[in-house]
Amino acid sequence: MMAETTGSNKKGLSIPGLTLALAGAAGTVMVSKGVDMFSRLKPRIFSEPAFDGVWLENQIPMDPNYFYQENSPVSNADFSLFTKSRYEPVEVWGQLYKRYTNHYLFPKGADVVLKQIRLGDGRGTFEHMPFFIVGTKHDDTETLIYQFKGQGYNTEIVFDLPVPLALKKISFTASEQCKPTYIKLFGNYHAVKQNLPRLQRYPFGNQTGVNGFSWSWSFNKSLHKEDAFTERSYQVLKKLGSGRIYLDAKELVQEQGKYRFKHNWRGFDLDGLFTRFKADKIYANICLQGSPPYIVNTWPENQRKDTYTRPFGTDKDDVTSYLELGKIAFQFAARYGRNKNIDLSFIEADDTQPWYESKSEQLLGLDLITLMEIGNELDKWWEGEEANHLGRQFAYLQSAVYDGHKGKLGKNVGIKTADPTMQVTNAGLASTSPDFLMSFVEECAKIRGYNADGSVDIPVDGYYSFHCYATNGSGQHSEKETRGMCIELSSVPEQLRKFQEVNALHLGNKRLVVGESGYDISENSPVRAEPPEGSGLTPYIWQGVLILRTALFYAKHGLYRNYFFTWKDDGAIDGWQFSSSGITSEDSNRKLLLRPAAMYLIQANSFMKDYVWVAQISAHPLVDKWQHNHSVVYSLYYATESNQKGSYYLKVPGSRVTKYVLNE
């Protein structure tokens with residue numbers, strides 16, 4: 001990193017399209033930098049349907065933040081039923097279930113009493129696939145209100161309820177296009193104004209984490225593979241500050257009851273790696289994913305997948321189906337958590353390891369890990385119904401692994417059973433839609449009840465995690481994307497706003513984490529970093545620019561943490577989605593190569609990691625102010641994808657500036 005100094009109290013950082021200046025005393029700085037000539041418009045695939053009229057007298061107004069769909073992975077695909085005088089389908093993707101249910105939660109205090117329903121009836125009938133309208137009363141009993149079968153023709157059906165119903169929720173079960181053209185609800189209600197809490201923001205350094213595996217930064221001592229490559233990888237991770245570590249269940253246990261940690265089933269020393277993490281203050285998010293062979297092998301041979309979470313023949317809506325996952329979670333938390341007061345008879349270890357490996361001792365309370373995540377992208381709509389979980393089904397899995405379903409599954413089941421202080425998050429969602437978690441929390445209320453303060457007993461502690469790839473579509477696996485997109489112009493800001501509002505209203509207002517984000521290098525990938533035309537930038541440099549801007553964006557918009565996918569390429573450099581998204585790579589001589597993405601993050605983190613966003617000074621160019629104690633940093637760039645260049649006069653304290661030019 002080169003530094004050009006024109007004074008002693010200022011520092012700055014410059015990469016294509018972005019400048020950072022660290023200010024001290026008073027003065028004016030002119031920044032001339034940019035990569036922008038034109039802006040690419042973002043697609044409006046998931047925009048909220050606009051209301052095309054006024055609410056009629058006694059019509060119950062509907063708010064999209066109270067609506068969710070039990071399908072995968074769309075959000076508000078059917079909400080336009082309530083806001084249009086005729087149904088206009090929203091372009092959707094990934095619809096796994098052909099028959100599904102929409103739910104609308106009436107706001108607390110609205111005291112809704114439903115008296116009349118008006119339905120727009122277009123052309124055609126669907127006698128064998130009726131559209132059901134079901135109401136949920138305040139005592140949680142459900143009642144069928146109406147069945148719509150398309151019995152009219154280009155008309156409005158008016159249904160007066162024989163007895164007005166006081167409802168907390170109304171649900172609509174539909175089959176693809178077998179639905180009315182619009183729905184209008186009438187009755188009594190009180191207008192409720194919801195005051196959303198102030199958004200809390202976290203340091204920039206929280207946003208520079210990276211995803212990887214245990215072998216990304218650990219020596220395989222059983223195979224005598226201590227080498228400079230692994231050590232340099234670890235030293236780079238230290239500079240990034242945090243990692244989300246994928247740990248396959250089969251690495252810990254392959255035969256029931258035979259656990260390996262000191263040297264896991266791949267031969268890597270987890271005890272040593274986690275000890276280093278703690279000593280070097282690397283924040284570790286352990287993502288324990290998949291199932292061991294003794295669960296997978298219960299499935300027919302032609303159906304077996306490591307991603308299945310339960311034995312064959314069990315029900316996703318039954319907490320006992322996840323008993324074995326709960327036991328694995330217990331063993332991990334018992335060893336690496338803080339609790340030393342556990343009956344050793346519950347601790348299982350493999351005593352048949354090869355002579356060159358350290359024997360698996362019955363250790364507990366090592367106090368090395370503070371956060372666990374069980375499962376990765378369990379809303380796997382692209383893998384079919386058996387692998388996919390709906391939010392309500394995930395409630396049963398999460399309750400089992402969290403605390404053994406409040407202790408009902410046994411004394412050796414669940415993370416909290418082993419260590420009450422261990423933090424537990426949800427399995428990171430593939431979708432940015434909050435619908436999954438709205439369904440999850442509703443089901444938690446049914447199966448776990450409520451806390452003393454009246455809040456739902458949600459088996460999640462620190463935060464909710466979801467995955468978010470900025471594209472010109474609507475995220476990963478959307479089938480609509482063709483390339484990666486700068487985060488500011490993508491659909492991410494709208495999706496994040498929706499998620500934050502729903503989180504505050506329905507999900508307990510927990511902190512939010514993006515467990516995966518990033519861009520590919522390969523031109524064959526639909527999340528590729530495609531440099532602006534005429535910019536002269538390589539895909540590697542543009543990937544770095546987009547990744548650094550992503551970190552700034554998330555810090556500005558209140559994300560607790562972010563982890564980029566991924567540490568090192570997972571496939572061919574010219575491969576498909578996610579194969580070339582590494583921030584590092586490896587050459588033919590096993591030398592670690594840092595891409596611009598890693599270089600930019602490391603260098604920005606070296607002086608900006610503790611700074612928190614405090615104010616936006618300009619929108620175009622985008623100028624933001626960051627502060628740590630009495631020191632201030634300004635970031636300046638065009639939040640676009642083109643070659644625009646311009647000058648901006650920035651008034652800052654002090655009269656001198658040091659401008660850093662990042663190495664690539």
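May I ask you to derive the FRET efficiency for SER647 and GLU231 from their Cβ-Cβ distance with R0 = 41 Å, giving the value to the nearest 0.05?
Working: r = 45 Å, r/R0 = 1.09.
Plugging the Cβ-Cβ distance into 1/(1 + (r/R0)^6) gives 0.35.
Between GLU361 and HIS620, the distance separating the two model label sites (each 7 Å from Cα on the Cα→Cβ line) works out to 6.4 nm. Of all the Cα-Cα pairs you can form in segment 216-328, what percent are over 15 Å apart? Counting every Cα pair in segment 216-328, those more than 15 Å apart make up 69 percent.
Need the list of lysines near LYS238 for cross-linking: C-alpha distance under 24 angstrom, and skip anything on the same chain fewer than eight residues off. Straight-line reach from LYS238, under 24 Å: LYS11, LYS221, LYS225, LYS262, LYS278, LYS281, LYS556, LYS568, LYS591, LYS609. Taking a straight line from the alpha carbon of LYS305, these lysines sit under 17 Å away, with near neighbours fewer than eight places off in the same chain left out: LYS250, LYS316, LYS380.
In this structure segment 375-532 gives 27 Å² per residue of accessible area when probed at 1.4 Å with all protein chains present.
Taking N as the number of residues in segment 183-271, what is its alpha-carbon radius of gyration divided by 2.2 N^0.38 Å?
Numbers: Rg = 23.4 Å, N = 89, 2.2 N^0.38 = 12.1 Å.
Here the Cα radius of gyration is 1.93 times the empirical estimate.
Please report the carbon-and-sulfur percent of the accessible area for the chain; probe 1.4 Å, protein heavy atoms only, DNA, RNA and ligands left out.
Details: 13250 of 26750 Å².
Accessible surface attributable to carbon and sulfur in the chain totals 50 percent.
Of the trypsin sites (Lys or Arg not before Pro) found in segment 302-408, the ones in coil according to DSSP and having at most 16 other Cβ atoms within 10 Å of their Cβ are ARG304, LYS305, LYS340, LYS359, LYS408.
Count the net charge of all other residues whose Cβ sits under 14 Å from the Cβ of ILE117, scoring Lys and Arg as +1 and Asp and Glu as -1.
Numbers: positive: LYS115, ARG118, LYS179, LYS184; negative: ASP121, GLU156, ASP160.
So the environment of ILE117 carries a net charge of +1.
Compute the distance from the alpha-carbon center of segment 415-463 to that of segment 587-642, in whole Å. Answer, in whole Å: 33. Bridge orientation summary for the chain: considering DSSP beta bridges with both residues in this region, about 70 percent are antiparallel. Each Lys or Arg adds one and each Asp or Glu takes one away; over the other residues whose Cβ falls under 10 Å from the Cβ of LEU56, this sums to +1.
Ignoring lysines fewer than eight residues from LYS416 along the same chain, the ones with Cα atoms less than 19 angstrom from its Cα are LYS327, LYS340, LYS406, LYS408, LYS510.
Rounded to 0.05, the FRET efficiency of the GLU57 and LEU144 pair, given R0 = 25 Å and the Cβ-Cβ distance, is 0.35.
Screening the chain for DSSP H helices whose Cα atoms reach 24 Å or more along their own axis and whose mean Kyte hydropathy is at least 0.5 gives 539-556. Structural descriptor for the chain: relative contact order 21 percent, calculated from alpha carbon pairs under 8 angstrom and at least 6 residues apart. Under the combined filter of DSSP loop state and at most 16 neighbouring Cβ atoms within 10 Å, segment 125-199 retains these chymotrypsin sites (Phe, Trp or Tyr not before Pro): TYR153.
Here the simple spin-label model places points 7 Å from the Cα toward Cβ, and for ASN629 and LYS591 these points are separated by 4.0 nm. Helical runs (DSSP H, four residues minimum) scored at -39500 (n - 2.57) apiece and divided by the length of the chain put the mean residue ellipticity at 222 nm at -6000 deg cm²/dmol.
Of the trypsin sites (Lys or Arg not before Pro) found in segment 103-195, those that fall in a DSSP loop while having at most 11 other beta-carbon atoms within 10 Å are LYS108, ARG123, LYS193. Normalised per residue, the accessible area of segment 596-653 is 42 Å², obtained with a 1.4 Å probe and no contribution from ligands, DNA or RNA.
Work through the residues other than ARG448 whose Cβ is under 10 Å from its Cβ and net out their charges, Lys, Arg +1 and Asp, Glu -1. Don't skip to the end; give the middle numbers.
Working: positive: LYS406, LYS446; negative: ASP403, GLU443, ASP457.
Residues close to ARG448 contribute a combined charge of -1.
The values are calculated or read from the model by the stated rules, or taken from the named source; none is laboratory data. Everything numeric in this text was worked out from a predicted model, so none of it was measured. As a convention, Cβ positions derive from the backbone with ideal geometry for all residues, glycine included, and neighbour counts pool all protein chains shown. What goes into the accessible areas is simple: the full protein's heavy atoms, side chains included, and nothing from ligands, DNA or RNA. Shrake-Rupley method; radii C 1.70, N 1.55, O 1.52, S 1.80 Å.
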